[in-house]
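Step one of this worksheet: look at the structure below.
Laboratory data are not the source of any read-out in this text; all were calculated from the coordinates shown. In this text, all values refer to a predicted model and were calculated from it rather than measured experimentally. Cβ placement follows ideal geometry from the backbone for every residue including glycine, while neighbour counts extend to all protein chains displayed.
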Amino acid sequence: MSKKDTTARARKVREQELRARRSRAEQEHYIQRIVLVVAAVGFGIAALILVYALTNDYVFVPRQTITTVNGTEIKTKDFQERVKTERWFIANEIRSYASVVGVDQAVEQYGNDILALREPSLFGGQVLDDMELQVLLENEAEARGIEIDRAAIDAAVDQYVASFLVNQLTPTPSPSATEPTTPTATPIITSTASNTPTITNTPTETIQPTAEGCTEGQTDCPTVTPLPTNTLTLTPTPTLEQTYTPTPSDTPVAPDDIRSTVTKLENSFYDDANEVASIDRDAVRDIFTLRALRTALLEDVTKDQPTQEVWVNARHILIQVPEDPARVFTAETCDSEEWAPFKQEAEQVLAALNAGEPFAALAQAVSDDGSGANGGGLGWSASSGYVPEFKSAVDTADIGAIVGPVCSQFGFHVIQVMERELRDIAASQLQQNRSTAYQEWETDLVANADIQRRDDWEDRTPSDPSYNDLLGNVFQ
């Protein structure tokens with residue numbers, strides 16, 4: 001083989017090796033490009049998912065309706081902001097209470113709220129209930145011509161914030177009996193006569209018992225007092241005026257000072273909301289809109305609440321049916337075969353009384369409750385305190401007449417109303433009656449509303465500010 005051929009072959013081998021190396025490099029470069037493209041696509045998809053998630057969470061979801069109340073929509077954004085505000089609000093109240101009475105009493109008083117703050121969905125459900133109720137109350141207020149303006153909300157805020165002044169304005173007892181005390185101002189009551197209309201009760205007639213209620217020669221015949229007739233008269237009524245004479249050491253709190261203190265507390269209240277939870281003043285005030293609505297509607301809803309109630313002095317004979325915890329009492333129960341013997345016995349008691357048997361003696365002999373020892377006498381009582389069937393009977397029975405058998409969950413009653421009159425309801429009881437009546441009205445309002453809540457509302461409930469941020473330093 002010639003030298004020329006050898007050189008050509010060597011060159012050819014080198015060229016082949018060079019092409020092989022170039023081919024491997026191109027393949028590696030190609031693979032790298034594929035990897036980079038795939039990575040770029042992956043990052044792009046991830047970025048798109050992230051953008052979509054952020055857009056969905058911060059743009060689309062907040063604008064979506066979370067619940068509808070009689071056609072009025074509540075947006076997710078409003079719900080989430082309200083939850084955030086309410087979490088701060090109740091935590092602030094718990095912290096304030098704990099600082100005054102101690103942690104243990106705060107837990108006892110606010111145990112359910114503390115638990116709810118730990119469970120976002122539980123707390124969110126309570127907030128959503130309130131927001132739905134607020135829509136209903138706003139619609140009801142508008143229908144009744146009630147306007148909840150800024151002044152009404154200011155009053156609700158003032159009332160709440162002023163409650164924090166109680167501990168500051170309440171005098172602290174002296175630490176020891178020997179420590180000298182500071183004299184306090186003594187109000188002097190002066191009386192000034194004025195013509196104030198008052199109601200006086202004037203009986204118009206005397207009602208004698210009927211033959212059914214009292215027979216001739218009966219010794220325990222009731223004394224019958226008729227319902228009085230209200231007569232309006234002008235009677236001089238003393239007007240009490242307080243003359244305040246402070247001692248030299250006494251420093252009364254001026255109204256302007258109280259107003260200034262309340263204002264400072266309100267500003268501190270709003271500042272704390274902003275610092276702790278980045279909540280603005282309007283969001284805090286929105287909580288008090290519900291309070292203002294309830295206050296205004298309570299006045300309107302219960303304006304016709306009775307201020308007087310029927311009181312009766314009655315006596316009865318009870319033929320008691322044996323107790324059965326599993327029994328559900330209904331009107332049909334009274335006519336059941338099981339209760340028939342007891343009803344028959346009560347009818348025999350009624351017949352004996354109508355035949356002239358003394359009520360007291362018969363009550364002592366056969367009545368199945370504790371009043372039998374008193375001749376069946378129940379004394380004076382508001383009829384509203386009795387079970388419905390008994391109340392209806394004593395409210396409508398003729399004075400002195402014997403009525404029955406009246407069936408109730410206890411058995412069969414034979415009743416005689418001795419006296420009946422109207423009495424003013426005590427202020428505390430009247431307030432309780434109004435509160436109960438309003439709560440029943442509000443419950444019916446919600447029950448009859450068309451409320452459509454999203455199934456995934458729990459997933460949209462925020463958990464911030466967190467429990468640790470709100471109460472972590474209070475309950476270690």
Using label points projected 7 Å from each Cα along Cα→Cβ, tell me how many nm separate Ala427 and Asp455, to one decimal. 5.5
Give me Rg/Rg_expected for segment 308-424, where Rg uses Cα atoms only and Rg_expected = 2.2 N^0.38 Å with N residues. 1.03
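Please order Lys303, Lys75, Lys343 by the number of other Cβ within 10 Å, starting at the fewest.
Working: Lys303 8, Lys75 15, Lys343 19.
With the fewest neighbours first, Lys303, Lys75, Lys343 line up as Lys303, Lys75, Lys343.
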Separation between the Ala355 and Lys77 pseudo-spin-labels, each 7 Å from Cα along Cα→Cβ, expressed in nm? 8.5
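Please order Arg150, Arg87, Arg144, Arg291 by the number of other Cβ within 10 Å, starting at the fewest. Let's see the in-between values first.
Values: Arg150 9, Arg87 26, Arg144 12, Arg291 17.
So the ranking, lowest neighbour count to highest, is Arg150, Arg144, Arg291, Arg87.
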Return the long-range amide H neighbours of Ile279 (sequence gap of 5 or more, or a different chain), with a cut-off of under 5 Å between placed amide H atoms. Asn274
Using a 10 Å cut-off around each Cβ, can you sort Val417, Val310 from fewest to most neighbouring Cβ atoms? Val310, Val417
